[in-house]
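The values are calculated or read from the model by the stated rules, or taken from the named source; none is laboratory data. In this text, all values refer to a predicted model and were calculated from it rather than measured experimentally. Cβ: placed from backbone, ideal geometry, glycine included. Neighbour counts: every protein chain shown.
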Amino acid sequence: MTITCSEFDYIRRLVLEQSAIVLEEDKQYLAEARLSPLARREGFDSIGAMVGSLLTKKFDGLHRKVVEAMTTNETSFFRDFHPFETLRKSILPELMLKRASSKELSIWSAACSSGQEPYSLAMLLQEHFPSLAGWSIGLIATELSAEMLARARAGRYSQLEVNRGLQAKLLVKYFRQHGTDWEIKEDLRRKVEFQIVNLADYWPPLPPMDIILMRNVLIYFGVETKKRILSKARQLLRPDGFLFLGGAETTFNLDDGFERLQFDRTICYRARKA
């Protein structure tokens, strides 16, 4: 299915209004790829017919499905790998020493998509930090899309999805097979708390965070929205906590309250000391 320029302009406005995400003008191909399956599922013979229906009514479930289809991000298990190695070798050991008296850690996977990132974190903790068994670990994962969050909670992935970034030994240890799919075992799923959060809008009460992973999501927002999100993230971080962004993202010229840290190939950020 194809989409006209005027239809795409409407979709861009809708997505911006509801999520603050900016769809660039050259992303028309992406709209066709993501909205064609949705249009078919909803009984329309074209994207244009679906857009025509959207224009005749107030914001409802179909509008929400369109926004969610256009704001779903790419993800994989242990994506980019080196940030997880930095967490394992440097950051988690440092935080464990500092939190030895309270035995509490809070980690937030923001914009978690279908859940591979928080489950990767849960496996990392389980595999390499057995001494955390008696700790209170808060592992929170949030996402704008209700559909993606439902997938994440279910913890069920295709063979292609588990082939991307996941070691065979972890697949065997933490998943059980269901036909051609793989499902994360319940004891690991229980370690992650999932919530719907629109980063560009109101944030529900969240505990002070030791680690925030907000990777590959700021690139979709305009400058002012990025500034608001980074400011709120900085206020949520503990003074010695760490913020992880995507490889193409930075706090530079957006929030001077952060200092940049480098661990080998990994860049992360910490609030500047007053």
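Quick rundown of the values:
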read-out: Flag if ARG176 is more than 21 Å from the chain's Cα centre (by Cα), under 30 Å from GLY134 (Cα atoms) and assigned to a strand (DSSP E or B); value: yes
read-out: Out of GLY246, GLY241, sole residue that is under 19 Å from the mean Cα position of the chain (by Cα), in the same structural domain as LEU199 (by TED's automatic domain parsing), surrounded by fewer than 21 Cβ atoms within 10 Å (Cβ to Cβ) and not β-branched (Val, Ile, Thr); value: GLY246
read-out: Selection from region 33-74 of residues that are among the acidic types (Asp, Glu) and over 23 Å from the mean Cα position of the chain (by Cα); value: GLU42, ASP45, ASP60
read-out: Pairs where the first residue, in region 1-29, is assigned by TED's automatic domain parsing to the domain that holds LYS58 and surrounded by 15 or more Cβ atoms within 10 Å (Cβ to Cβ) and the second is of a type in the set (D, E, K, R) and part of a loop (DSSP other than H, G, I, E, B), C-beta under 8 Å, 6+ apart; value: ALA20/ASP201
read-out: Hey, LEU87 surrounded by 13 or more Cβ atoms within 10 Å (Cβ to Cβ), under 23 Å from TYR157 (Cβ atoms) and in contact (Cβ under 8 Å) with a residue 60 or more places away in the chain or not; value: yes
read-out: Unmet requirement for SER109, which otherwise passes all of (1) among the hydroxyl-bearing types (Ser, Thr, Tyr); (2) over 16 Å from ASN198 (Cα atoms); (3) modelled with pLDDT of 95 or more; (4) touching a helix residue (DSSP H, G or I) at 6+ places or on another chain (Cβ under 8 Å); value: (2)
read-out: Residue ID - surrounded by the fewest Cβ atoms within 10 Å (Cβ to Cβ), chosen from residues in region 105-131 that are assigned to a helix (DSSP H, G or I) and of a type in the set (A, V, I, L, M, F, W, C); value: LEU124
